[in-house]
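Report on the structure given below.
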Amino acid sequence: MYDKKFQTISMVGLGYIGLPTAALFASRKVKVIGVDVNQKAVDTINKGEIHIVEPDLDMIVHAAVTEGYLKATTTPEPAEAFLVAVPTPFKEGNVPDLKYIESAAKSIAPVLEKGNLVILESTSPVGATEQMAKWLADARPDLTFPQSHGNNADVQIAHCPERVLPGKVVTELVSNDRVIGGMSDKANDMAIALYKTFVEGECITTDSRTAEMAKLTENSFRDVNIAFANELSLICDELDINVWELIELANRHPRVNILQPGAGVGGHCIAVDPWFIVDSAPEQAKIIKMARDVNNYKPQWVVEKVKAAITDVQSQNPDKNLSNITVACLGMAFKPDIDDLRESPAMQIVKDIAKIGCQVAAVEPNIHELPESIDHSHVSLNDLSKGLENADIVVVLVKHKQFIEQAEYLKQHSCIIDAVGI
Ligand code: SAJ
């Protein structure tokens, strides 16, 4: 048991996970020093405002900053615990890129002190926590670390992956169970004491490699299951069977629970993390790799369907050339009822349809303007009724609640491609 209460902690990386976590610690009256390389984000947070969209986060950050428990800076300062929540993207060839973890480790190393705890929260390939420990030890030969000194090390280290769902981050941070993978028993005890500041779920301990793999496994499990649903949608299209009805029927079985096919798998987690497993064990990770391939292919399949529909429209109206065919694309976000367009298959589909040369009437009720990366000469942003007005083809790409409400109306359109089972 570790019974010391942490008074001052530092959160390195103030993004979608780091900022809510920092704010929750601060709401429990722990002094939090937030560190980020983005000066604009730091300034915004110090004004008590937020630079990301997440329900309830604005209130908590505002209270934490005005009450003096949270401040942001670009330069690390001494603290009792450091939590690292920086991105772990992949590089060319789907190989994980640890450069942000490396620079975070190197930036906190100079301020580390005896008795500190360092936690890696970023989703990481197996072995990344040990690698971080090595970077820290190389930078601070005057301190001891758990890889050489176990429970007696000056600085303890653990991996504790975040598992929260975007859109529900604040509630899930508090209620979800946490897997804690310490590099020693002492690290596990310290990490439990730290997280129990605000976590109401259970804190379960293991070693750092198993904790890393647990997080990757959760997201790969979901990816594989979505791939199964997406593969069914292709098979059913071939066999002229309604895949939505099929899944509903199969799910009546007490031990079957098939997920929903869609326009593809987006976001920054499920479409990325399985590659970390594939990279670590390419010979063994066959299903995981194939699931990625199936899900990655789905947007292209939707575009092929649109191309076929365009050919049909042209064969019925020989005077129509590509530039006066309008395709209404319903939804651009990476999943329902959010405004996040990053890594969105729907957004990729909109871009690819625009490249064909027709007009795209995009409908995305959660945004106010089209991102710059979109070809504005071929794509316009519309409300639903305007978007449908002159549409030759309607493609439903995201199951937003506004579209579900209009499902009966949408069904009446003569040419509709429904990728999400509206
Ligand atoms: N999707 C489908 N069909 C489905 C379910 C989802 O096509 O039946 C698609 C969505 O439209 C979206 C993508 O999958 O494009 C991912 O969405 P999601 O809601 O499944 O997950 P994320 O990426 O928002 O969050 C996931 C969560 N992981 C799991 O549910 C196992 C979350 O708990 C993780 O913390 C998060 O990844 C993360 O940060 O890793």
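When the Kirkwood radius is taken over all Cα pairs of the stretch 305-358, what Stokes-Einstein diffusion coefficient follows at 25 °C and 0.890 mPa s, in µm²/s?
Numbers: Rh = 12.3 Å.
After rounding, the answer is 199 µm²/s.
Once each part is reduced to its C-alpha centroid, what is the distance from the stretch 17-70 to the stretch 184-259 in angstrom?
Centre-to-centre distance over Cα atoms comes out at 29 Å.
Counting only protein heavy atoms, what percent of the accessible surface of the chain is carbon or sulfur at a 1.4 Å probe? Mind dumping the intermediate values first?
Working: 10250 of 19750 Å².
In the chain, the share of accessible area belonging to carbon and sulfur is 52 percent.
Filter the GluC sites (Glu not before Pro) in the stretch 175-282 to those in DSSP coil with at most 12 other Cβ atoms within 10 Å of their Cβ, and list the result. Intermediate results must be reported in sequence, preceding the final value.
Details: sites: Glu200, Glu202, Glu212, Glu218, Glu231, Glu238, Glu245, Glu248; in loops: Glu200, Glu202.
Sites meeting the loop and neighbour criteria: Glu200, Glu202.
Within the P(r) computed for the chain, what percentage of the Cα pairs occupies the region above 37 Å?
On the way: 29060 of 88831 pairs.
Result: 33 percent of Cα pairs exceed 37 Å.
If the limit is 19 Å between Cα atoms, which of Lys31/Lys71; Lys114/Lys196; Lys99/Lys289 go over it? Walk me through the numbers before you get to the answer.
Working: Lys31/Lys71 8 Å; Lys114/Lys196 22 Å; Lys99/Lys289 24 Å.
From the list (Lys31/Lys71; Lys114/Lys196; Lys99/Lys289), the Cα-Cα distance tops 19 Å for Lys114/Lys196; Lys99/Lys289.
Suppose only helical runs count, i.e. DSSP H with n ≥ 4. What mean residue ellipticity at 222 nm does that imply for the chain under -39500 (n - 2.57) per run, divided by all residues and rounded to the nearest 500 deg cm²/dmol? Working shown, then result.
Working: 16 runs with 179 residues, N = 422.
That comes out to -13000 deg cm²/dmol.
Describe numerically, in nm with one decimal, the distance between label points set 7 Å from Cα along Cα→Cβ at Thr171 and at Lys91.
According to this spin-label approximation, the distance is 4.1 nm.
Relative to the compact-globule scaling 2.2 N^0.38 Å, provide the ratio for the alpha-carbon radius of gyration of the stretch 261-312.
Numbers: Rg = 14.0 Å, N = 52, 2.2 N^0.38 = 9.9 Å.
Rg over 2.2 N^0.38 Å, computed on Cα atoms: 1.42.
If you place +1 on the Cβ of every Lys and Arg, -1 on the Cβ of every Asp and Glu, and leave all else neutral, what size is the dipole of the chain about its Cα centre, to the nearest 20 Debye? Provide the component values of the computation, followed by the final result.
Values: 39 positive and 58 negative charges, 142 e Å.
Dipole magnitude for the chain comes out near 680 debye.
Looking only at the chain, where both bridge partners belong to it, what percent of the DSSP beta bridges are antiparallel (to the nearest 5)? Intermediate values should be presented prior to the final figure.
Numbers: 4 of 46 bridges.
Taking every DSSP beta bridge with both residues in the chain, the antiparallel ones total about 10 percent.
Leaving out same-chain residues fewer than 8 places away, which lysines sit with a Cα under 17 Å from that of Lys399?
Cα-Cα hits under 17 Å: Lys298, Lys335, Lys411.
Rounded to the nearest 20 debye, what is the charge dipole size of the stretch 8-212 about its Cα centre when +1 sits on each Lys and Arg Cβ and -1 on each Asp and Glu Cβ?
Values: 18 positive and 27 negative charges, 46 e Å.
For this selection, approximately 220 debye.
Pick from Leu173, Leu112, Leu249: which residue has the top mean-square fluctuation in a GNM of the chain where Cα pairs under 10 Å get a spring?
Greatest mean-square fluctuation among the candidates belongs to Leu249.
Which of the listed residues, His368, Gln402, Ala346, is farthest toward the dipole's positive end in the stretch 276-422, when Lys, Arg count +1 and Asp, Glu count -1 at the beta-carbon?
Positive-end residue among those listed: Ala346.
For q values of 0.13, 0.15, 0.17, 0.22 Å⁻¹, compute log₁₀ I(q)/I(0) with the Debye formula on a Cα-only model of the stretch 237-381, without solvent.
-0.74, -0.93, -1.09, -1.33
If you take the Cα Rg of the stretch 343-422 and divide it by 2.2 N^0.38 Å, with N the number of residues, what do you get? Walk me through the intermediate numbers first.
Details: Rg = 12.0 Å, N = 80, 2.2 N^0.38 = 11.6 Å.
For the stretch 343-422, the normalised Cα radius of gyration comes out at 1.03.
With the dipole of the stretch 150-239 worked out from charges on the C-beta (+1 for Lys and Arg, -1 for Asp and Glu) around the Cα centre, which of Asn225, Cys236, Ala187 lies farthest toward the positive end?
Of the candidates, Ala187 comes out farthest on the positive side.
Which value, in debye to the nearest 20, describes the size of the charge dipole of the stretch 222-418 about its Cα centre when Lys and Arg Cβ atoms bear +1, Asp and Glu Cβ atoms bear -1, and nothing else is charged? Before the final figure, lay out each step's value.
Details: 18 positive and 29 negative charges, 67 e Å.
Dipole about the Cα centre, nearest 20: 320 debye.
Might you tell me the accessible area per residue for the chain, computed with a 1.4 Å probe and given in Å²?
Details: 19750 Å² over 422 residues.
On a per-residue basis, the chain sits at 47 Å².
Are there trypsin sites (Lys or Arg not before Pro) in the stretch 320-422 that DSSP marks as loop and that have at most 14 other Cβ atoms within 10 Å, and which are they?
Numbers: sites: Lys320, Arg342, Lys351, Lys355, Lys386, Lys399, Lys401, Lys411; in loops: Lys320, Arg342, Lys399.
Here the trypsin sites (Lys or Arg not before Pro) that fit, given the DSSP loop and packing criteria, are Arg342.
With point charges of +1 on the Cβ of Lys and Arg and -1 on the Cβ of Asp and Glu, referenced to the Cα centre of the stretch 1-104, which listed residue (Val53, Val30, Gly93) lies farthest in the positive direction of the dipole?
Going by the Cα projections, it comes out as Val30.
Identify all aspartates and glutamates with a Cα-Cα distance to Lys134 below 20 Å; exclude those on the same chain that are fewer than 8 residues away in sequence.
Output for Lys134: Glu80, Asp97, Glu102, Glu113, Glu121, Asp142, Asp154, Asp185, Asp207, Glu212.
According to the square roots a ≥ b ≥ c of the eigenvalues of the Cα gyration tensor, what is the shape class of the stretch 10-152, taking rounded for a/c under 1.5, prolate for a/b larger than b/c otherwise, and oblate for the remainder?
On the way: a/c = 2.19, a/b = 1.41, b/c = 1.55.
Oblate.
List the GluC sites (Glu not before Pro) within the stretch 328-422 that fall in a DSSP loop (any state other than H, G, I, E or B) and whose Cβ has at most 12 other Cβ atoms within 10 Å.
On the way: sites: Glu343, Glu369, Glu372, Glu389, Glu405, Glu408; in loops: Glu343, Glu369, Glu372.
Listed in order of number, the matching sites are Glu369, Glu372.
The values are calculated or read from the model by the stated rules, or taken from the named source; none is laboratory data. As the structure is a computational prediction, the values presented were derived from the model and not from experiment. Virtual Cβ from ideal backbone geometry, glycine too; neighbours counted across all protein chains shown. Remember, those area values only see protein heavy atoms, side chains included, never the ligands or the DNA or RNA. Shrake-Rupley method; radii C 1.70, N 1.55, O 1.52, S 1.80 Å.
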